[in-house]
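Remarks on the structure that follows.
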Amino acid sequence: MALSTKDLLGIKGMAADEIKLILDTAATFKDVSERDIKKVPTLRGKTVINLFYEASTRTRTSFELAGKRLSADVINISTSTSSVTKGETLLDTAQNIEAMKSDIIIVRHACSGAPEFLAHRLKSSVINAGDGFHEHPTQALLDMFTIREKLGRLDGVTVAIVGDILHSRVARSNIYGLATMGATVRVCGPPTMVPPGIEKMGAKVYSDMDEAVQGADVVMMLRLQLERQAAGLFPGVREYARLFGLNRARLDRVGKNAIVMHPGPMNRGVEIASDVADNSSVILDQVTNGVAVRMAVMFLLSGGAKPEA
């Protein structure tokens with residue numbers, strides 16, 4: 001029981017059986033997080049490095065907890081206090097880390113393709129924790145895990161992904177994964193924030209949010225990524241919230257059984273209203289499930305075996 005590659009770089013091209021394997025394994029590891037003693041010896045003696053070139057709260061902490069709950073030695077490297085500030089290249093940094101006999105290197109980087117660049121040059125397993133506008137595979141896996149947990153299936157589920165699709169690596173990974181698992185995927189956002197040709201990835205494009213979310217089983221809201229945007233993509237935040245924000249009135253029209261998701265961090269009052277986020281979403285369940293999913297990924301990349309859970 002292991003994955004077919006030594007790395008997890010993206011969801012694109014991943015077989016449905018491998019996605020299912022990760023989700024099934026995560027279900028086992030979620031039980032560990034419910035115990036009084038949240039630890040198993042599965043990766044004892046392994047070394048995990050968090051190498052983050054971008055800011056992160058949920059993803060980095062989740063990977064750190066996942067490694068520690070598997071009994072691995074986990075080291076966090078912040079580039080602001082590393083030799084990167086002295087001009088050291090990404091490859092030099094990673095090769096020096098590997099020379100210290102690390103087993104898994106988790107990489108978040110602003111440049112698309114950075115984890116894949118390292119994966120081809122390192123013997124250590126590389127996990128993509130988000131690269132540029134490319135992919136965020138473990139976020140998509142935890143989202144799929146959460147949907148399956150709440151609805152009992154992925155096949156036949158309709159998921160509406162709404163917001164800044166253009167700049168969202170989360171959207172890309174979710175489209176690939178959900179389509180592979182038999183879900184119907186809709187995407188909606190301002191036309192300037194929907195990439196041309198996204199239909200080829202397996203999504204249907206909508207420009208009207210009310211139409212996009214009508215009858216959806218899942219509404220996944222995305223953060224408006226102002227830090228990645230050029231000027232002029234939309235008139236203003238207030239107008240954006242009116243047209244593409246999920247408020248109580250709009251959610252009531254979707255249906256009381258719809259699941260509301262958000263990968264975080266949230267812009268409250270912009271893409272999602274506070275009362276919806278706090279009272280009608282599974283956002284904190286996503287965070288909880290992220291630890292179990294990342295435990296499963298590290299376990300399976302390390303060769304797998306029967307989980308000691």
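When the criteria are applied in full, residue 305 fails the requirement of being open to solvent by 40 Å² or more (accessible area, probe 1.4 Å), touching an Asp or Glu at 6+ places or on another chain (Cβ under 9 Å) and modelled with pLDDT under 95. Considering segment 195-291, there are no qualifying strands (runs of 3 or more DSSP E) wholly inside with 2 or more residues that are of a type in the set (Gly, Ala, Ser) and at pLDDT 95 or above.
None of 245, 163, 152 is of a type outside the set (S, T, N, Q), touching a residue at least 24 places away in the same chain (Cβ under 8 Å) and under 30 Å from residue 18 (Cβ atoms) except 163. Do you know which of the residues in segment 51-93 that are β-branched (Val, Ile, Thr) and either in a strand (DSSP E or B) or in contact with a helix residue (DSSP H, G or I) (Cβ under 8 Å, 6 or more places away or on another chain) (or both) is nearest to residue 113 (Cα to Cα)? Going through the qualifying residues, I end up with 93.
Out of 151, 141, which single residue is assigned by TED's automatic domain parsing to the domain that holds residue 270 and either touching a Pro at 6+ places or on another chain (Cβ under 6 Å) or open to solvent by 20 Å² or more (accessible area, probe 1.4 Å) (or both)?
Exactly one residue qualifies, and that residue is 151.
Scanning segment 10-30 for residues that are open to solvent by less than 40 Å² (accessible area, probe 1.4 Å) and under 16 Å from the mean Cα position of the chain (by Cα) yields 10, 11, 14, 19, 22, 23, 26.
Contact map, segment 269-295: residues that are in contact (Cβ under 8 Å) with a residue 24 or more places away in the chain paired with residues that are among the β-branched types (Val, Ile, Thr) and open to solvent by 30 Å² or more (accessible area, probe 1.4 Å), Cβ distance under 8 Å, separation 6+ or inter-chain. Pairs shown: 270/237. For segment 81-95, the set of residues classified as farther than 23 Å from residue 67 by Cα and open to solvent by 80 Å² or more (accessible area, probe 1.4 Å) consists of 85, 86, listed by residue number.
Answer with yes or no whether residue 185 is open to solvent by less than 50 Å² (accessible area, probe 1.4 Å) and either assigned by TED's automatic domain parsing to the domain that holds residue 248 or more than 15 Å from residue 140 (Cα to Cα) (or both). So residue 185 fits the description; yes.
A quick yes/no check of all residues on (1) β-branched (Val, Ile, Thr); (2) at pLDDT 95 or above; (3) surrounded by fewer than 23 Cβ atoms within 10 Å (Cβ to Cβ); (4) not assigned by TED's automatic domain parsing to the domain that holds residue 98:
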| residue | (1), (2), (3), (4) |
| --- | --- |
| 36 | no, no, yes, no |
| 50 | no, yes, no, no |
| 56 | no, no, yes, no |
| 62 | no, yes, no, no |
| 68 | no, yes, yes, no |
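Residue-by-condition table, conditions (1) modelled with pLDDT of 95 or more; (2) of a type in the set (Val, Ile, Thr); (3) touching a Phe, Trp or Tyr at 6+ places or on another chain (Cβ under 9 Å); (4) buried (at least 16 other Cβ atoms within 10 Å of the Cβ):
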| position | (1), (2), (3), (4) |
| --- | --- |
| 32 | no, yes, no, yes |
| 45 | yes, no, no, no |
| 97 | yes, yes, no, yes |
| 102 | yes, no, no, yes |
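The residues of segment 1-23 that are free of Cβ contacts under 8 Å to residues at least 24 places away in the same chain and acidic (Asp, Glu), listed by number, are 17, 18.
The values are calculated or read from the model by the stated rules, or taken from the named source; none is laboratory data. Keep in mind that what you see is a predicted model, and the values were worked out from it rather than measured. Reconstructed Cβ throughout: ideal geometry from the backbone, glycine too, with neighbour counts over all protein chains shown. Areas reflect the complete protein model, heavy atoms only, side chains present, ligands, DNA and RNA absent. Shrake-Rupley method; radii C 1.70, N 1.55, O 1.52, S 1.80 Å.
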